Amino acid sequence: MGLTGLAIFKLLPKTNCGECGVPTCLAFAMALAAGKATLSQCPYVSDEAREALDSATAPPIKLVKFGSGDKVLEIGDEQVIFRHDKTFYHPTGIFIEVADNDANLAAKVEEINGISVERVGQKYELDGVAVANASGSADTFRAAAEAVAGKTDKAIILISECPTCMEAAASAIAARKPLLYAATAANYEKMVEVAKKVAAPLAVKGEDLSSLAELVAKVGYKELVIDSGARQISQVIADQTQIRNSSVKKRFRPFGYPTIAFTTESDPAMEVLEAQAFISKYASIVVLKTVKTEYLTSLFSWRANLYTDPQKPIAVQPGVYPYGAVNADSPVYITTNFSLTFYSVAGEVEGTRIPSYLIAFDTDGLSVMTAWAGGKFIGEAIGPWLKDSDINQKVNHKKIIIPGGVAAIKGKIEELSGWEVLVGPRDCTSIGSFAKLRLS
Amino acid sequence: MPVEIYKDKFTGKGQEVILGATKEQGGTRAYTVKMGGSSTLPFLFYEGEIPNRPVIAMEVWDIKPEWNPCFEQYYGDVWNDPVAWAKKAEEYGAEVIYLRLQGADPELENSKSPEECAKLVKDVLAATGAPLIVEGPGQPDKDNDVLQAVAEAAAGENIALGVAEKDNYRGIAAAAMMGRHCIIGRSPVDINILKQLNIMITEMGVPIDKVINDPMTSSLGYGIEYSYSTMERARWGALIGDKMMTPPVICLAGPEAWSKKEPNAVGEDAGPGWGDQRDRGIMWEAMTAAALLQAGGDLVLMRHPEAVKLVKKQIDALMVPNKY
């Protein structure tokens, strides 16, 4: 990304003074290109060189923050087109739109606050509330903004194309650092003034990609979120892809900002699927209307999956996990602490409806067969651990169920732990039938 | 300031595969489905050709499966009648019937014989108009016997036989070749094995336009991102000219999604904030399918009729050509 070491070298003083901590300017340039040094380490770099280097080494998509307290939402700063190229960094913010003249505004915000989904050891919540100036009135908008700010500490987006209305609402809740949506070709001068005044990020809305780029160049403000104006799902995906490709691959600066997308489907189920597509294809913020938790559970899960870092194995905390109302007779299963394995097994163990313990054995997040091959899930490791584990105090039997794929470690575990080993199924989806046959 | 539209320049494209055969083509299907063949990434019409929309297949079992009770209202009267079930699947919007011959599992007490399976396939073909996919019981020897009989019984119908894996593909490939059927090759979420298996299958003589890839898609919430990235990489590979990554991709969204806790749990088993099972389950499956479509799924296997409706509707919207 950015300039090569040689291109940077051309802009340096070439005095080889060594004050930056690296013996030569060329070595320093290489370190800069690799992201291992910062330009401020060089006391003699010229202003022109600094400007050129700063813009060349700036991230392809700007990081933008809004919201306040511990609910600050960070969006943008993405570096790749595909998650497998590196990873996606800042999960899409999921917002619910409410109208400023909605008689049930307070109740709706309560409902948004109340959405909290827990699964596989993770807790998912909505990121915030988008207040729309449906009334067209500045007073109503301000009152609604204040009411929402009073009801929730989540991030807030203010939606209005009327600068007067925006100023009224934004000034009232400036301390919450809302996102202002949106500057358009018709209002951008005044909208930028408002954004500057309240020191809040501003969304810029075009009619299409070209008018968006034009508008971004005109506003002369850097805290931006961008919207091409497209609403039909297939065009949104195209525009989002264009924006991501142009900013990441071609460093096209007008598109180097986080994006926002709005759902249009009126059926809540279709709306959530629409939001899914926007999350998949690069939206930094998605604004929807439904708060149906049955549907949001899936949407949150998808976002969590997509933004999982493919570079590192995901692991759960090693330890003994109870499922159901366990007692001293409960069966004990063991698997690795690779979270995909662990939660799949956990789901199946739970599905047996026999209260059970499941041990997440520390394999540094490797799956069963990989950990076995790597010597991390073998009798010599499990046996001694099991012998001293506090599971001995939790149950009054000494029988442990191991994954069928590593049946070979049975003997060693038994020898080193004094426990009896039952060989479970190879595939965790067979745990249900295994339990029916062997445990009841 | 007109923006310069960014387009990736691809030299390759996905392989188009046709499933089913009409009377003119030597079969008895009411229609055929075409899958794959894109010269761009999913739904980017401005960049290349997307000749075919993703296709929905629905599951039909030859024995009563242990499914969530919520399926009772849809399939309750056909659990023990796969032929009637297949007809019902068509009514629910299946464009392809996916027949799972689980009853031929040799470990079952009344394990079905290859002849019984072949007869069932004939009966299903006689009763329906949709193209057919047949999956064996998953035990290598039995798979070979069953699928060979099925391939013969369905001669001319251009069905798809599955599932071939790296260590068990010869028998199924031979059956597919003999009956001029398609074959589904399964690789364990691994792009290299996907490619290797395609090489092995085609080296046996199965033409590449008869191969469908199952990269072992996982459920939402349980590793779907691995499948997603594998599929994105396979599509990219096809587009940059790797012939052995071009086959269309089948995603087993329904069975994968419903094997997890989230769509099934009721009452106390449901986690905090999960809400009611019915709508949660439908969305869990629909979202699994919809997410995989974004990574390039060409054929999606589904289970719940309501989830099918949602995904079809989304495909309609995604297939509106975008342009610049």
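The values are calculated or read from the model by the stated rules, or taken from the named source; none is laboratory data. Since the model is a prediction, treat every value here as computed from it, not as a measurement. Cβ sites come from the backbone with ideal geometry, for glycine too, and all protein chains shown count toward neighbours. Quick note on the areas: whole protein, heavy atoms, side chains included, nothing else; ligands and nucleic acids left out. Shrake-Rupley method; radii C 1.70, N 1.55, O 1.52, S 1.80 Å.
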Exercise. Before we move on, is A:Ile157 within 14 Å of another protein chain (Cβ to nearest Cβ), at pLDDT 95 or above and not in a loop (DSSP other than H, G, I, E, B)?
Worked result: no
Problem set entry | Complete set of residues in segment B:252-264 that are more than 9 Å from chain A (Cβ to nearest Cβ) and not in a helix (DSSP H, G or I) | B:Leu252
Exercise. Taking segment A:264-274, which residues are open to solvent by 10 Å² or more (accessible area, probe 1.4 Å) and either in a strand (DSSP E or B) or in contact with a helix residue (DSSP H, G or I) (Cβ under 8 Å, 6 or more places away or on another chain) (or both)?
Worked result: A:Thr264, A:Glu265, A:Pro268
Problem set entry | When residues of segment B:265-276 are limited to those that are within 30 Å of the chain's Cα centre (by Cα) and more than 8 Å from chain A (Cβ to nearest Cβ), the one surrounded by the most Cβ atoms within 10 Å (Cβ to Cβ) | B:Ala265
Problem set entry | Sole residue being of a type in the set (S, T, N, Q) and either surrounded by 17 or more Cβ atoms within 10 Å (Cβ to Cβ) or out of contact with any strand residue (DSSP E or B) (no Cβ under 6 Å at 6 or more places or on another chain) (or both), chosen from A:Ser116, A:Ser135 | A:Ser135
Exercise. What is the number of the single condition among (1) within 14 Å of another protein chain (Cβ to nearest Cβ); (2) open to solvent by 40 Å² or more (accessible area, probe 1.4 Å); (3) more than 29 Å from A:Pro268 (Cα to Cα) that A:Pro91 does not meet?
Worked result: (3)
Exercise. Only one residue in A:Ala130, A:Ala107 is open to solvent by 30 Å² or more (accessible area, probe 1.4 Å), of a type in the set (A, V, I, L, M, F, W, C) and at pLDDT 95 or above, so which one is that?
Worked result: A:Ala107
Seminar exercise, completed: Turns out the strands (runs of 3 or more DSSP E) fully within segment A:311-384 with at least 3 residues that are open to solvent by 20 Å² or more (accessible area, probe 1.4 Å) and at pLDDT 90 or above are A:319-323
For this session: Could you please give the count of residues in segment A:198-230 that are more than 9 Å from every other protein chain (Cβ to nearest Cβ), of a type in the set (A, V, I, L, M) and closer than 15 Å to B:Ile5 by Cβ?
Result: 0
Problem set entry | Residue list for segment A:116-128, restricted to those being in contact with a Ser or Thr (Cβ under 6 Å, 6 or more places away or on another chain) and of a type in the set (A, V, I, L, M, F, W, C) | A:Val117
Exercise. Counting only residues that are open to solvent by less than 10 Å² (accessible area, probe 1.4 Å), assigned to a strand (DSSP E or B) and out of contact with any Pro (no Cβ under 8 Å at 6 or more places or on another chain), which one in segment A:196-224 is farthest from A:Ala169 (Cα to Cα)?
Worked result: A:Val204
For this session: Could you list, in sequence order, all residues of segment B:215-238 that are assigned to a loop (DSSP other than H, G, I, E, B), of a type outside the set (Phe, Trp, Tyr), open to solvent by 10 Å² or more (accessible area, probe 1.4 Å) and on the phi < 0 side of the Ramachandran plot?
Result: B:Ser218
Problem set entry | Those residues of segment A:8-30 which are free of Cβ contacts under 8 Å to residues at least 24 places away in the same chain and surrounded by fewer than 19 Cβ atoms within 10 Å (Cβ to Cβ), in sequence order | A:Lys10, A:Lys14, A:Asn16, A:Gly18, A:Gly21, A:Pro23, A:Thr24, A:Leu26, A:Ala27
Exercise. Any chance segment B:289-297 includes a residue that's under 19 Å from A:Tyr343 (Cβ atoms) and either open to solvent by less than 10 Å² (accessible area, probe 1.4 Å) or more than 7 Å from chain A (Cβ to nearest Cβ) (or both)?
Worked result: yes
